[in-house]
Amino acid sequence: MSATVPRVVLVDDHGIFRSGVRAELGSAVDVVGEADDVAPAIALIEQAQPDVVLLDVHLPGGGGGKVVSAVRERWPEVRFLALSASDAPEDVIGVIRAGARGYVTKTISTAELLDAIRRVASGDAVFSHRLAGFVLDAFASLPDSPGGGAGGPAAVKPSFDPELDQLTSREREVLRLIAQGYTYKEIARELYISVKTVETHVSSVLRKLQLSSRHQLTRWATERRLA
Amino acid sequence: MPPCPNPGHHGGMDEPTWPPGPPGGWRHDRHGHARHGRWREDRADRLAAHVHWWRGGWNWKALRRDSGDRLIGGVAAGMARFRGLNPTTVRIVFVVVALWTQGWFLPFYCIGWLLIPGGGGAAGSPEQAGGVSLAPAVGVAAAAVPGDATDGTSIWSRARQDSRGITLALAVSSLFAVFLVLAGALNDELIQTYGWPQVVTVACLVLIWRNAPRGEQAALRRLVAPLGGLGSDTDRRSTVIRLGLACVLLAIGTGWLLTTHESLAVLQPLGGFVLIVGAAVIMLGPWWLRIARDLVLERQARARAEERADMAARIHDSVLQTLALIQRRADDPAQVTQLARAQERELRSWLFEGRAPGSMAEVSSLVEGVRRIQQDAEARHGVPVEVVTVGDCPLDSDLEALLAAAREAVVNAAKWSGAAVISLFAEVTDDDVELVVRDRGRGFDPGSVPGDRRGMAESIHGRMNRHGGTVSVHTAVGEGTKVSLKMPRNAMSSTRSGA
């Protein structure tokens, strides 16, 4: 958000991983604190007020999503970047729907991680290729059939809002390229649009992902867990 | 992802691009240039002839039968060309006139066939064939083979000197006339009106048959081949017997049909019809059978060729790839042994257990197959493969081919691109399945891939084409490679998310 280095909190239950990330990020960011579970993380974030929280999807005291939803009510300007080794899609989508601004895998390179942190700090969304795949998958299902849904709390409202529940073809195109490992710059070149436009598309997808009430998302996640 | 250079004589990784092919380019250019020049001359001549024709009104010398666009004698096409009309229109007019004139058109057609010189069309245009700008080579050929199609003389000009032919024509036509007299005695105005003009037709046909230029004779033989049942290469006597039988049936059937109105029997027309059909079957049956048999044989040959190509692709993907790998790891005996052992196992299971190398025997879904590709590539080549899948579906033989092609693309990328990571994207939609293999490696120049490199051509393009899929490859030196493979889905097996 600022021209200065972003202030970052690391939340991960593996100490070794935290110190590793800290060492890698070096002076490019200002790591203001570390936490290893849900409750300490919430306390730390409220106290430190960081720009970005690097959040492990899996924490002993519950999913990373718990941290996000607890903090976002009171401190909406704190941004979350989910970080995971497991890639269980329902967890990833859960964290994003709770309010995280992006998701990257732990295998990400340092440069890319720094780039992602800066991007999230400035309010953009960060989609790893895998998240793009999940989102495409989740939104690819057919539109809601009215009355067809006893699949979780989100199914209470079976209304279908095309504005929120469908991706535009351009958004799909962008996501497909992200899923194929393209960077934003490469996508811009491939589709003859500006990087800014790519970012806009991605943010729009993120918004849909977070706000869509379609039970498909839930059902998709359930199916994925069963598979 | 550069092309896969199997057995690897060419050094491999250290070689940025393939050596260009033999310097054939300039020769091609020069050749093209020379042709261009001749074409221009040619055109100028034609233009001149055209102008001349225009000034002189109807230049009857330009009327030529068109041996290039012929149905029977090329008379209609020749007329059409002469007056700048559509040949089909002229043909339709001919047929209408033929029906209208009650059999008198046929002899006129044959006389035209006899008198109008041939050669139009075959050499490109009537003006050209008329000797205005005949290429010297063609002229020589025409002189060397007397009576060739392009010499531009009429059949009559030769038939005049064919005294035996004239005798024969007279004999045959008189025989036909006798038959007509006999038939006329039995009944019937139909034969009388339609039959008599054909005396001339028969005479003309005999002359044409004996004196047509060689090219035309071949065409004629093709035209009447069905009548002979192509029996010449089997047994001549059986053909004669067969044709004789058919002619008897034909005669009786025709007679029956034609005498209907004098008879009271209702069954007669039916009987006549049956006999005529029987005659047609006896005459043409063997020919039809032969065509059907040829079709079956052709299809079998194509199936065999495809099978062979599939097998070549498989051997390339397994044995040749491993051999290349062994050559590159020659300094590591343990690794070489391991590779050789694995390859041996794979080959044995293919040859003796029928399990094709790289096959997805135990794999039932697309996502599983993609994961398998990822594991294999990472294990064999040590290059991480980032997999993203959207949707899933059960495998069928088409999708197995898709996976095999994708595996080859991944292996190529792992071996030759030098990229640190390869991304493999799979998306299942309702209509098709797309796999995209992408790397940020060194790329290659598609134009410089030697023709005998099977990796791209056979394992990817050939395979996809055989199964109805499409391939698009985007690459440039230094810019990485993207291979998109798309396979349409069978409507039957479409489910999402592995449900």
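Every read-out reported here was derived from the displayed coordinates using simple, explicitly stated rules and does not represent laboratory data. Computed from a prediction, not measured in an experiment: that's the story for all the values here. Here the Cβ is made from the backbone with ideal geometry for all residues, glycine too, and neighbour counts use every protein chain on show.
Hey, fewest Cβ within 10 Å first, where do A:GLU73, A:GLU186 land in order?
Fewest to most other Cβ atoms nearby, the residues stand as A:GLU73, A:GLU186.
Estimate the FRET efficiency between A:LYS185 and B:LEU347 by the formula 1/(1 + (r/R0)^6), using the beta-carbon distance for r and 35 Å for R0, to the nearest 0.05.
0.15
Can you compute 3J(HN,Hα) from phi for each residue in the stretch B:171-177, using the Karplus curve 6.51 cos²θ - 1.76 cosθ + 1.60 with θ = phi - 60°, rounded to whole Hz and x for Gly and Pro?
4, 4, 5, 5, 4, 4, 5
I need B:THR389, B:THR239 ordered by Cβ neighbour count within 10 Å, fewest first.
Fewest-to-most ranking of B:THR389, B:THR239: B:THR239, B:THR389.
With 26 Å as the limit, write out which pairs from A:LYS185/B:LYS482; A:LYS208/B:LYS486; A:LYS196/B:LYS486; A:LYS66/A:LYS185 have Cα-Cα distances beyond it, or answer none.
Pairs exceeding 26 Å: A:LYS208/B:LYS486; A:LYS196/B:LYS486; A:LYS66/A:LYS185.
What number comes out for the charge environment of B:ALA169, summing +1 per Lys or Arg and -1 per Asp or Glu over other residues with Cβ under 15 Å away?
Charge balance in the 15 Å sphere: +3.
For a quick check: sort B:CYS204, B:CYS247, B:CYS393 by the number of other beta carbons within 10 angstrom, fewest at the front.
Ordered by Cβ neighbours within 10 Å, fewest first: B:CYS247, B:CYS393, B:CYS204.
Across the residues of B:426-437, average count of Cβ atoms on other protein chains within 10 Å?
Taking all residues of B:426-437 together, the mean is 2.
Quick one: Karplus J couplings for the stretch A:57-72, per residue in order, coefficients 6.51, -1.76, 1.60, θ = phi - 60°, nearest Hz, x for Gly and Pro?
Result, rounded to whole Hz: 5, 9, 10, x, x, x, x, x, x, 4, 4, 4, 5, 5, 7, 4.
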